[in-house]
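Readers should treat all values here as calculations from the given coordinates under stated rules, not as data from a laboratory. As the structure is a computational prediction, the values presented were derived from the model and not from experiment. Glycine gets a Cβ as well: all are built from the backbone with ideal geometry, and neighbour counts include every protein chain shown.
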């Protein structure tokens, strides 16, 4: 009997765990360690943040789902990995600390045959002074609770606007190294949509602030699409939407400090600026969750297993990270998501260390890096979870020596639906696909296959996003025929 | 909305009235819904290895 321990129960971890449980049956053990009692369909948090959905509509209890699937669920956070075992322990193990199930604060050693690190991000609000809803002045939509809080603050603001006050709204990225611009983009246009519905759009100055070099970069170096007889940069379409909705934009910005009512930021030319706000939602940068690693003797080997950001090394070409953008190659990206030192460890989703950025690295004259970091969420993240699950199934059941499935971001596409307002007849969303995620300028003139890369905005996009909300929650709850819903 | 000369908005394409109509026309968007789903399905099939 093999035991597979999965650290994290988000999109990638949940996908890996549920497929492994289905494929391996009760002859093997699948254990999920996650500090959360609830599963959250994060893309719909945007709608919670504008009151378009309740918190209950985007979350569900994990325990009954895992019980049904035969998954051993531990509501705990992972503290350290011991891939060689310990002084008095032969087998490799992880140490965990319970956050629920009546065992709060208790520690435990959990041995494993295979480990999947799917720990997701630490929301690093601490990287920028004054950022975030807990110790700062800005709101967030990164968790369901954050989104509920954001909506409460937005409602207060709307009430003030209805009494005739004019307000400044600032939405975007809260640091020069943020990823997830898509969430900021979506929240900007959902707030715009809500203000129009409430009849107070004329009372608000709406500004978007981003660390992107150009709008539409989204951390993937932007994209080109064929439309109207032209091959056109996504920048043109992004700017068009901001202009149409009367949203001012600030780009190439590193927010370095937030105080009540004012954001301080540096731009790529090295100049310092301020922007006033009455309501601000700024996305934090992501970091690894801070897992430590120790060898058999108890020596700290964290730097051998994780990069300085806390993301786990896998089968990528990390030597390219120090080389210029022009020398980067699609082949630098990992295929098997397998740790090169400890072959029974894998990392999926945000937890794996990318070999380098996707967008071109930029620094201000003051040495401040201002560039989006690589997104590893959503569809690619789920595909990684399923691919690693497929490899482990083949190793455990069929005797495969090496991983059998790949999930290389330079060979996979991504579909993204970015909401621009909710409403069955009044809503809209940008539906996009790109293939591949990592641009390959050797193979494609514009870095991507123009037949697999497209984008359009409209009501249909909203229907797709709303349909996906129900479809992915159905799938995550393992309801009938869940396996036929693609990742 | 009037466009202010030399502002950010003055240099970007904006949709015409017909384009805005198409974006919200239920019949047209029904066909686009099908097209988008087909495009995404093809992408998913290409991406699994």
Rank these for me by crowding, A:114, A:208, A:346, B:6, going from fewest to most other beta carbons within 10 Å. B:6, A:114, A:208, A:346
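In peptide A:451-458, what is the residue-averaged number of other protein chain Cβ atoms found within 10 Å of each Cβ? Please list the in-between numbers first.
Values: counts 2, 5, 2, 5, 0, 5, 3, 11.
Mean partner-chain Cβ count within 10 Å for A:451-458: 4.
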Mind checking the log10 I(q)/I(0) for chain B at q = 0.25 Å⁻¹? Debye, one equal scatterer per Cα, no solvent, two decimals. -0.89
Directionally averaged projected area (convex hull, Cα atoms, the protein assembly as shown), nm²: 25.0
Mind jotting down the distance between the C-alpha centroids of chain B and region A:148-213, whole Å? 22
Paramagnetic reach from residue A:441 (point 7 Å along Cα→Cβ, amide N under 19 Å) across region A:215-237: A:215-225, A:231-236
Which order results if A:466, B:49, A:264 are arranged by neighbouring Cβ count within 10 Å, fewest first? B:49, A:264, A:466
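Sorted from fewest to most neighbouring beta carbons within 10 Å, what does the list A:404, A:34 look like?
A:404, A:34
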Potential lengthening between residue A:366 and residue A:424 on full extension [0.36 nm per residue; Cα-Cα distance subtracted]: 16.1 nm
Shape call, region A:227-287: gyration tensor on alpha carbons, a/c limit 1.5: prolate
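Given a Förster distance of 22 angstrom, what is the FRET efficiency for residue A:3 paired with residue A:295, based on the Cβ-Cβ distance and rounded to 0.05?
0.55
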Write down the percent of antiparallel bridges among all DSSP beta bridges whose residues are both part of region A:160-248, to the nearest 5. 35
Specify the inter-centroid distance of region A:93-109 and region A:398-469, based on alpha-carbon positions, in whole Å. 38
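What FRET efficiency comes out for residue A:398 versus residue A:482 if R0 is 22 angstrom and r is the Cβ-Cβ distance? Round to the nearest 0.05. Could you put the intermediate results ahead of the total?
Numbers: r = 24 Å, r/R0 = 1.08.
Calculated value: 0.40.
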May I ask you to list the residues of region A:414-447 whose amide nitrogen lies under 18 Å from a point 7 Å from Cα along the Cα→beta-carbon direction of residue B:45? A:414-415, A:433-436
DSSP bridge pairs, the protein assembly as shown: antiparallel proportion in percent, nearest 5: 55
Enter the Cα centre distance for the pair region A:231-259 and region A:368-397, rounded to the nearest angstrom. 29
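Quickly estimate the mean residue ellipticity at 222 nm for chain A, helices only: each DSSP H run with n ≥ 4 gives -39500 (n - 2.57), and the total goes over all residues, rounded to 500.
That comes out to -7500 deg cm²/dmol.
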Length gained, residue B:28-residue B:11, 0.36 nm per residue minus C-alpha separation, equals 3.2 nm
Highest-first arrangement of A:320-329, A:142-151, where packing means the average Cβ count within 10 Å: A:142-151, A:320-329
State, to one decimal in nm, how far the label point of residue A:323 lies from the label point of residue A:155, with both points 7 Å from Cα in the Cβ direction. 5.5
